[in-house]
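Reviewing the structure listed below.
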Amino acid sequence: MPVLLTKAFFERPVLEVAQGLIGAALVRRLADGTTFRSMLTEVEAYDGPDDLASHAAKGRTPRTEVMFGPAGVFYVYLIYGMHWMLNVVTGEPGYPAAVLIRGTQDISGPGRITSRLAIDKSLNGKPANRSSGLWFEDRAAPIDSKQIEATPRIGIDYAGDWAQAPYRFVLRE
DNA sequence: ACGATGATGAAC
DNA sequence: TTCATCATCGTA
């Protein structure tokens, strides 16, 4: 039986959480009762105030505020004027870190996921549990760490040396 | 290869 | 108040 990933799961270093999410399920339940469920295959970690790829490198702003808050809460923002990006906050309050959800088995691309699953700003700051209609469930089957490939993150060429950090995790086919 | 399209943060 | 930038995607 699938088990909801609780706050404790996200209250860990973001690199651990990111790899732990590979193979887990992203679940979306809409008001009409429709439920989508798909296994996560691609995520990225954004780690702390010194990570130049992270929005939090600019410090605490209205937008990044949720990244400095408690774990297990969604950080959702608009990019390029048209795509919502879905993240989950990790670690201890005061330390800004989050995992960007980039791909699942059925949906490839962070903007497509939010579009298909009706995710927008209204989920920003909401918890990953049934109350928000968006949550994560544990792996259906164990994943060997050798099945998880680490690569540099996408679309962050502005991040200097941090652009090379292997913080993107992909499930090998 | 390129334009769409609007919030954000920093400069002025 | 203006301006450059942007954790992307679809069309060409």
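The values are calculated or read from the model by the stated rules, or taken from the named source; none is laboratory data. Treat the numbers as computed from the prediction; the structure is a model and nothing was measured. So basically every Cβ, Gly included, is an ideal-geometry build from the backbone, and we count neighbours across all protein chains shown.
Only one of the numbered conditions (1) under 23 Å from A:F169 (Cβ atoms); (2) of a type in the set (S, T, N, Q); (3) within 16 Å of DNA strand B (Cβ to nearest atom); (4) more than 11 Å from the chain's Cα centre (by Cα) is violated by A:Q105, and that is (3).
The combined condition, being at pLDDT 95 or above and surrounded by 22 or more Cβ atoms within 10 Å (Cβ to Cβ), is not fulfilled by A:L52.
Condition check ((1) surrounded by 15 or more Cβ atoms within 10 Å (Cβ to Cβ); (2) without any contact (Cβ under 8 Å) to a residue 60 or more places away in the chain) across all residues:
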site: A:P62; (1), (2): no, yes
site: A:M67; (1), (2): yes, yes
site: A:Y77; (1), (2): yes, yes
site: A:W84; (1), (2): yes, yes
site: A:V88; (1), (2): yes, no
site: A:A98; (1), (2): yes, no
site: A:K121; (1), (2): no, yes
site: A:K126; (1), (2): yes, yes
site: A:S131; (1), (2): no, yes
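Name the single residue, out of those in the range A:46-84 being among the hydroxyl-bearing types (S, T, Y) and over 25 Å from A:A150 (Cα atoms), that is farthest from DNA strand C (Cβ to nearest atom). Top of the filtered list is A:T61. Annotation note: of A:G94, A:G125, the sole residue that is more than 16 Å from DNA strand B (Cβ to nearest atom), under 28 Å from A:D50 (Cα atoms), of a type outside the set (A, V, I, L, M, F, W, C) and out of contact with any Asp or Glu (no Cβ under 6 Å at 6 or more places or on another chain) is A:G94. When you scan the range A:158-168, do you find a residue that is exposed (fewer than 14 other Cβ atoms within 10 Å of the Cβ) and within 16 Å of DNA strand B (Cβ to nearest atom), even just one? Yes, the range A:158-168 contains a residue that is exposed (fewer than 14 other Cβ atoms within 10 Å of the Cβ) and within 16 Å of DNA strand B (Cβ to nearest atom). Inspect all residues belonging to the range A:137-152 and state whether any of them is within 14 Å of DNA strand C (Cβ to nearest atom) and either surrounded by 15 or more Cβ atoms within 10 Å (Cβ to Cβ) or not in a strand (DSSP E or B) (or both). Yes.
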